[in-house]
Amino acid sequence: MLFLYLLFVLLVGLLLFLLFYWLIIDTEGAFLGRRVVVWLYDLTAHRYDAIKEFDTADEEHLVVRPLMAALADCPAPVILDVATGTGRVPFDLLQQPTFTGTLVAVDASSRMLAQARRKLAPYGTRCQLRRHAATPLPFPDAQFDAVTCLEALEFLPSDEDALREMTRVLRPGGVLMTTRRKGSEAHLFLHRHRSETQMVRLLQEMGLTQVHCQLWQINYDLIMARKSPT
């Protein structure tokens, strides 16, 4: 009888551990609400870049080239980066001598923004940092030439609401650059996971055209699209 009791306790403990691991580690608090997600990012902000191991050459290939190619006809673009974290996209772009645009970057985590502020200090006013959630965005319609949101949609309360807000603040003909979680880990996000077909259809329903999904990283596809000019 004691053996069965101990076995039961062990199984319950294992299930609780697996639940904790899924909620906190695998999905980074996404199913526990925005406050938990923000708290977790605040907790790890000081070592976030070290955890991600960003590489300059990789970043140029993964972030800079696709975006600058899409904005080739816009000499001084105004770009919004949603869920900027430690300022990955602004930092990648502002390092490029050929990039002459400006950026606004928003994130809900104050400590992630503090890291971004330190990294971006050499670039002065070319990037404005604002603490704000992805929905609703605090900007008027048709404000930006491009909107980026990388490796973040699955952690937001509603990817659809966030994408609608990003589309709203895009100027006609503007570029949306975002990512879609894929692979075995994507299924850990349950209803937050969208297939490539579902994502393309959703963006098209929002009035975006030239929607293109391409291989980007092991766990992510890169999605590029344009807002209809009219």
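The values are calculated or read from the model by the stated rules, or taken from the named source; none is laboratory data. Just so it is clear, the model here is predicted, and its values are computed rather than measured. Methodologically, a virtual Cβ is constructed for each residue, glycine included, from the backbone with ideal geometry; neighbour enumeration extends over all protein chains shown.
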For region 48-106, what are the residues that are of a type in the set (Asp, Glu), surrounded by fewer than 18 Cβ atoms within 10 Å (Cβ to Cβ) and either part of a helix (DSSP H, G or I) or modelled with pLDDT of 95 or more (or both)?
ASP49, ASP58, GLU59, GLU60
Which numbered condition ALA162 misses (of (1) out of contact with any Gly (no Cβ under 9 Å at 6 or more places or on another chain); (2) surrounded by fewer than 21 Cβ atoms within 10 Å (Cβ to Cβ); (3) of a type in the set (A, V, I, L, M))
(2)
Residue pairs qualifying under the 6 Å Cβ cut-off, at least six apart or on distinct chains, with the first in region 68-87 being assigned by TED's automatic domain parsing to the domain that holds LEU150 and the second being among the basic types (Lys, Arg), are GLY87/LYS119
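For (1) over 29 Å from GLY173 (Cβ atoms); (2) touching a residue at least 40 places away in the same chain (Cβ under 8 Å), each residue gets a yes or a no:
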{"site": "GLU53", "(1), (2)": "yes, no"}
{"site": "LEU103", "(1), (2)": "no, no"}
{"site": "MET112", "(1), (2)": "yes, yes"}
{"site": "LEU120", "(1), (2)": "no, no"}
Boolean, LEU129 is part of a loop (DSSP other than H, G, I, E, B), farther than 29 Å from ILE218 by Cα, touching a strand residue (DSSP E or B) at 6+ places or on another chain (Cβ under 8 Å) and at pLDDT 95 or above
no
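Among what's in region 138-153 and is acidic (Asp, Glu) and more than 21 Å from MET199 (Cβ to Cβ), pick the residue that is surrounded by the most Cβ atoms within 10 Å (Cβ to Cβ).
We begin by selecting, within region 138-153, every residue acidic (Asp, Glu); these are 141, 145, 151.
This time we only want the ones that are more than 21 Å from MET199 (Cβ to Cβ), so: 141, 145.
Values: ASP141: 9, ASP145: 20.
Going through the qualifying residues, I end up with ASP145.
Answer yes or no as to whether MET206 is touching a residue at least 40 places away in the same chain (Cβ under 8 Å) and more than 18 Å from GLU154 (Cα to Cα). So that I can check it myself, show each step before the final result.
Numbers: touching a residue at least 40 places away in the same chain (Cβ under 8 Å): yes; more than 18 Å from GLU154 (Cα to Cα): yes.
Considered against the rule, which asks whether it is touching a residue at least 40 places away in the same chain (Cβ under 8 Å) and more than 18 Å from GLU154 (Cα to Cα), MET206 comes out as yes.
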